[in-house]
Structures are given as C-alpha cells and as structure tokens.
1. Quote the FRET efficiency, to the nearest 0.05, computed for Tyr44 versus Gln21 with a Förster distance R0 of 35 Å and r equal to the Cβ-Cβ distance.
2. Say each of Lys94 and Phe51 gets a label point 7 Å from the Cα, pointing the same way as Cα to Cβ; how far apart are those two points in nm?
3. If packing is taken as the average number of other Cβ atoms within 10 Å across a peptide's residues, how do 46-55, 32-41 rank, most packed first?
4. Over the range 41-94, what relative contact order in percent results from Cα pairs under 8 Å that are six or more residues apart?
5. How far, in nm, would the chain grow between Asp115 and Phe28 when pulled straight, counting 0.36 nm per residue and subtracting the alpha carbon separation?
6. Using θ = phi - 60° and the Karplus form 6.51 cos²θ - 1.76 cosθ + 1.60, what ³J(HN,Hα) does each residue of the range 21-27 get, whole Hz, x for Gly and Pro?
7. Expressed as a whole number of Å, what is the distance separating the alpha-carbon centroids of the range 23-57 and the range 60-97?
Amino acid sequence: MWYSISCFLLMVVVLNVANAQPLVPALFIFGDSVVDVGNNNDRYIVVKSNFPPYGRDIENHSPTGRFCNGKLATDFTAQTLGFTSYPPPYFSLKEKGSNLLNGANFASAGSGYYDSTPKLYVNTSKN
C-alpha cells in the first residue's frame with residue numbers, strides 16, 4: 001500500500017518537473033550565513049563573502065555572496081522543486097519588482113536567534 005502511494009507521488013513530482021512546472025509557485029528563504037546568497041553584498045556591513053575564494057565552484061566561478069564555494073542546500077532544493085533559477089537575494093540592487101514573484105532569499109549573514117548576535121558586528125567607527 002505505502003509502496004504504491006510513494007510511487008504515485010514520485011510520478012506526480014517527475015511529471016510536474018518534466019513539464020517545466022515548479023512544484024510550488026515561489027520559494028522564500030529565511031536564515032543566516034548558512035543560506036545567505038549575497039544579501040550583504042551591497043550593504044555597509046562587516047560580514048560578507050563577495051570575494052575570492054568564495055564562489056570558485058559555482059557556474060561563473062566568481063563570488064556571489066554565498067559562504068561556500070558552490071551551491072547551497074537551498075539551491076539544490078530549488079532545483080529539486082523544478083525552479084530553473086535560484087531565489088535572488090532580497091537586497092540585491094538588480095532584483096526588484098516582478099523578479100521577486102518567484103521567491104526571494106531574505107537570509108543575512110550575521111543574523112542570529114539572540115539579540116546579542118548582530119551586536120557583535122556593529123561598525124563602531126564614525127564617518
């Protein structure tokens with residue numbers, strides 16, 4: 001019984017992805033540096049990863065703002081759900097308006113569950 005239900009659900013997933021239809025209409029991601037795709041790139045903040053060696057294993061071999069060399073778990077999840085691109089960073093200067101209808105990544109490095117976590121990275125210098 002469970003085997004036939006599992007096979008049916010797998011077939012539904014495969015058919016939806018094969019028809020170039022994502023399984024869900026949008027993908028919104030919240031978190032910290034583990035899933036950040038570059039929200040801090042254009043912000044005045046200490047915690048960034050938009051410089052080498054980050055991104056050397058991703059498609060264009062350039063830093064994207066991810067705290068890894070290649071794809072994140074959320075990138076693999078987006079692929080599995082049938083998306084052709086990854087959710088863009090919400091604070092990206094290029095991604096605004098209707099581009100965000102397929103989802104967005106709100107994760108930001110340096111965020112945390114405790115109020116004291118972001119205070120560790122506050123810029124104390126005066127401009």
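Since every read-out is calculated from the coordinates, none of them should be taken as a lab result. Note that the structure is a prediction, hence the values are computed from the model and not measured. Virtual Cβ from ideal backbone geometry, glycine too; neighbours counted across all protein chains shown.
1. Using R0 = 35 Å, I get an efficiency of 0.30.
2. Each label point lies 7 Å from its Cα, and together they span 2.1 nm.
3. 32-41, 46-55
4. RCO, the range 41-94: 26 percent.
5. 29.0 nm
6. 10, x, 6, 10, x, 7, 10
7. A separation of 8 Å, based on Cα centres.
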